[in-house]
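As C-alpha cells, the structure follows; a few thoughts come after it.
The values are calculated or read from the model by the stated rules, or taken from the named source; none is laboratory data. Bear in mind that the values here come from a model prediction, so they are computed numbers and not experimental data. Note: ideal-geometry Cβ built from the backbone for every residue, glycine included; neighbour counts use all protein chains shown. Ligands, DNA and RNA are excluded from the accessible area calculation, which covers all protein heavy atoms including side chains. Shrake-Rupley method; radii C 1.70, N 1.55, O 1.52, S 1.80 Å.
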Amino acid sequence: MEKSIEIFDVIVIGAGIMGSCTAYQTSKRNQKTLLLEQFDFLHHLGSSHGESRTIRATYPEDYYPKMVLKSETLWRDAEEQIGYKVYFKTPQLDIGPSNSKALKAVISSCNKNSIPVRVIDRNTMFQEFDDLIQLPDNWIGVVTEYGGVIKPTKAVSMFQTLAIKNGAFLKDNMEVVDIKKDSLTGGVLVIAKNGEKFSGKKCVVTVGPWMNKLVRNITGIVIPIQPLETTVLYWKIKKGYESKFTIGNGFPTFASYGEPYIYGTPSLEYPGLIKIPIHGGRPCEPTDRTWEPTQSLDPLKKWIQEKFGDLVDSTRPVVTQSCMYSVTPDEDFVIDFLGGEFGDDVVVGGGFSGHGFKMGPIVGKILSDLVIDGETKDVELMHFRIKRFEKNSKGNLKNFDDQVSSAN
C-alpha cells in the first residue's frame, strides 16, 4: 500500500535567495510551506553564495528603483527579526562618460523615483572620495545614498532560519525532475529524482540557471534564460591605504558604465582587498563550468590602473570566485504564472540577470502574493511577463546599451 503524501499549501523549488525569501513570506502568511533544494543548503553552485553583493537604486529602467527601496525596508525588517546584520550601508557611485545614454537614464530614473542624486565632475570626485578615484575630463559621477553591501550566504541562511521559525519545512539534496497536475487534489504534484513525491496546492519555481531546462521539461515552454558563468575578482590595495577603501571611511559601492560594464564593492570581506569584477561572463550550462576567469582581464586591468593608479595593484587578481548568472535577452526578470494546464497554480521567478540579489526580499513577497492572492500590488508585472518574448524575441525595448557582456 502506497503511503499517503503530505499536502502543503505552497511548495517552493530552489533555495537560493529568491526561493528562501519566498518561503519566508509564504510561511509568514501562515501557509504550510515546503522549500526544496537540489544540492546542500548554502551551496556554491548557483547564484546566491559568496561574500558580497551590491545594493543600489541606480537603474536606467525606472521600474527597478522602487523595488530596491521596498527591498531595503524588508532587509532591515529581517535583520531586526534575526538579530544580526547582513546589509552594510554606504553611498553608491556610478561613473561614466557625460554623454552616456545609460547614465543619463539613471539620473532621470532617480528623479522620477524621488531619489536624491548628485552629479559631480572629476575635481569634486577627487576631493569627495579622499583622492582615491580619478576620472577622465569628460566623465561624471552620480552619487546616491542608497548603496551598500549584502553578505549573500549569510542572507540566504537568515531567510531560511526565519522561514523555519514561521513553521516552514526545508529539504535539501532533493532534485525536482517533474511537476504535474495532481488529479486527486486538483493541486500540483512535485516529483524528485529519488522518486519522492510532494503535493501542494500551489508551487513556486526559483531554480536560477536551471530554470530554462526544468520549465522546458515540464511544459515544453522555452523561457529565454541563458546561464552564464561569471568570475568575481579581488585585487590587492597598496600597503598603507587599506583603510581608505572601507565602508568606515565612506568608500562607495560603484559601477562604471561603458564597455565593459565594471562594478565593485568597498574592502570588507577580505581585509586589504577590493572586489572589482566585470559584469558578464561565458554562456554555459551550470554543469559545464570551468571555475576559471571567463573573460579577458586586460580591459579590467587597464580600468583599475586608470581609475585607482598605483593604489590598487592591477597586475593580477589575488582571489577569484566563480558564480552563475541567469540572463534574459533584455536583462529584465521573469516573474509570472506558468499558465497552460497549471493556470495560476505554478509561479516562476527567474532570469535575474546578475542584478537581482538585492531585490530578493521584494521578489519573494511578490511571488508569495501571486501564489496566495493571484496578484501583487508591489510592482507592475508587465515588464516581467513571459509573453513579452512572444511579441519581441529581445523582450522589453531599451534606449541604452546592454550591461551584461558575454564572452562567446
Within segment 26-49, can you find the residues that are under 30 Å from Ile276 (Cβ atoms) and crowded, with 18+ Cβ neighbours inside 10 Å? Leu42, Leu45, Gly46, Ser47, Ser48, His49
Taking segment 222-237 and keeping residues crowded, with 23+ Cβ neighbours inside 10 Å and assigned to a loop (DSSP other than H, G, I, E, B) leaves Ile225
Could you pull out the residue among Tyr241, Tyr270, Tyr263 that is among the aromatic types (Phe, Trp, Tyr), open to solvent by 10 Å² or more (accessible area, probe 1.4 Å) and closer than 12 Å to Val312 by Cβ? Tyr241
What are the pairs, 6+ residues apart or on separate chains, where a residue within segment 43-64 that is among the aliphatic types (A, V, I, L, M) has its Cβ under 7 Å from a residue that is open to solvent by 40 Å² or more (accessible area, probe 1.4 Å)? Leu45/Phe39; Ala57/Leu69; Ala57/Tyr146
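Quick one: which residue in Asp130, Asp94 is buried (at least 16 other Cβ atoms within 10 Å of the Cβ) and touching a residue at least 12 places away in the same chain (Cβ under 8 Å)?
Details: Asp130 fails: buried (at least 16 other Cβ atoms within 10 Å of the Cβ).
Testing whether each residue is buried (at least 16 other Cβ atoms within 10 Å of the Cβ) and touching a residue at least 12 places away in the same chain (Cβ under 8 Å) leaves just Asp94.
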Within segment 52-91, restricting attention to residues that are more than 13 Å from Gly148 (Cα to Cα) and among the aromatic types (Phe, Trp, Tyr), which residue is most open to solvent (accessible area, probe 1.4 Å)? Tyr84
Determine if segment 26-45 includes at least one residue that is hydrophobic (A, V, I, L, M, F, W, C) and closer than 18 Å to Val149 by Cα. no
Scan segment 190-207 and report the pairs whose first residue is in contact (Cβ under 8 Å) with a residue 40 or more places away in the chain and among the aromatic types (Phe, Trp, Tyr) and whose second residue is assigned to a loop (DSSP other than H, G, I, E, B) and open to solvent by 30 Å² or more (accessible area, probe 1.4 Å), with Cβ atoms within less than 9 Å and a gap of 6+ or a chain change. Phe198/Ile5; Phe198/Glu6
Just to check your reading of the model, which residue among Thr73, Thr54, Thr58 is part of a strand (DSSP E or B) and either charged (D, E, K, R) or on the phi < 0 side of the Ramachandran plot (or both)? Thr54
Which one of the conditions (1) assigned to a loop (DSSP other than H, G, I, E, B); (2) under 22 Å from Gly258 (Cβ atoms); (3) in contact with a strand residue (DSSP E or B) (Cβ under 9 Å, 6 or more places away or on another chain) does Asn99 fail to meet, given that it meets all the rest? (3)
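Which residue out of Trp210, Trp291 is part of a loop (DSSP other than H, G, I, E, B) and within 29 Å of Gly349 (Cβ to Cβ)? Write out each step before concluding.
Details: Trp210 fails: part of a loop (DSSP other than H, G, I, E, B).
Exactly one of Trp210, Trp291 is part of a loop (DSSP other than H, G, I, E, B) and within 29 Å of Gly349 (Cβ to Cβ), namely Trp291.
Based on what the data block shows, is Ala23 in contact with a Cys (Cβ under 8 Å, 6 or more places away or on another chain) and open to solvent by less than 10 Å² (accessible area, probe 1.4 Å)?
Here the answer is no, as Ala23 does not meet what is asked.
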Please work out if Ser48 is closer than 23 Å to Ile262 by Cα and part of a loop (DSSP other than H, G, I, E, B). yes
Cβ-Cβ below 7 Å, separation at least six or inter-chain, first residue in segment 387-403 and of a type in the set (Gly, Ala, Ser) and surrounded by 15 or more Cβ atoms within 10 Å (Cβ to Cβ), second outside any loop (DSSP other than H, G, I, E, B) and at pLDDT 95 or above: which pairs? Gly395/Arg388; Gly395/Phe389
Residue hits (segment 273-288; crowded, with 17+ Cβ neighbours inside 10 Å and more than 19 Å from the chain's Cα centre (by Cα)) are Leu273, Ile274
Exactly one of (1) more than 20 Å from the chain's Cα centre (by Cα); (2) open to solvent by 50 Å² or more (accessible area, probe 1.4 Å); (3) modelled with pLDDT of 95 or more is unmet by Val188. Its number? (2)
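Go through Lys202, Lys154, Lys180 for me and flag whichever is of a type in the set (Lys, Arg), assigned to a helix (DSSP H, G or I), open to solvent by 10 Å² or more (accessible area, probe 1.4 Å) and under 30 Å from Glu285 (Cα atoms). Break it down stepwise before answering.
Working: Lys202 fails: assigned to a helix (DSSP H, G or I); Lys180 fails: assigned to a helix (DSSP H, G or I).
Of the residues listed, the single one that is of a type in the set (Lys, Arg), assigned to a helix (DSSP H, G or I), open to solvent by 10 Å² or more (accessible area, probe 1.4 Å) and under 30 Å from Glu285 (Cα atoms) is Lys154.
Being under 17 Å from the mean Cα position of the chain (by Cα) and of a type in the set (D, E, K, R) is true for just one of Asp373, Asp345, Asp332. Which residue is that?
Testing whether each residue is under 17 Å from the mean Cα position of the chain (by Cα) and of a type in the set (D, E, K, R) leaves just Asp332.
Criterion first (under 25 Å from the mean Cα position of the chain (by Cα) and modelled with pLDDT of 95 or more) does Tyr241 satisfy it?
no
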Within segment 159-177, tally of residues that are more than 26 Å from Trp75 (Cβ to Cβ), open to solvent by 40 Å² or more (accessible area, probe 1.4 Å) and in a loop (DSSP other than H, G, I, E, B): 2
Residue count, segment 298-323 (criterion: surrounded by fewer than 19 Cβ atoms within 10 Å (Cβ to Cβ) and closer than 30 Å to His43 by Cβ): 5
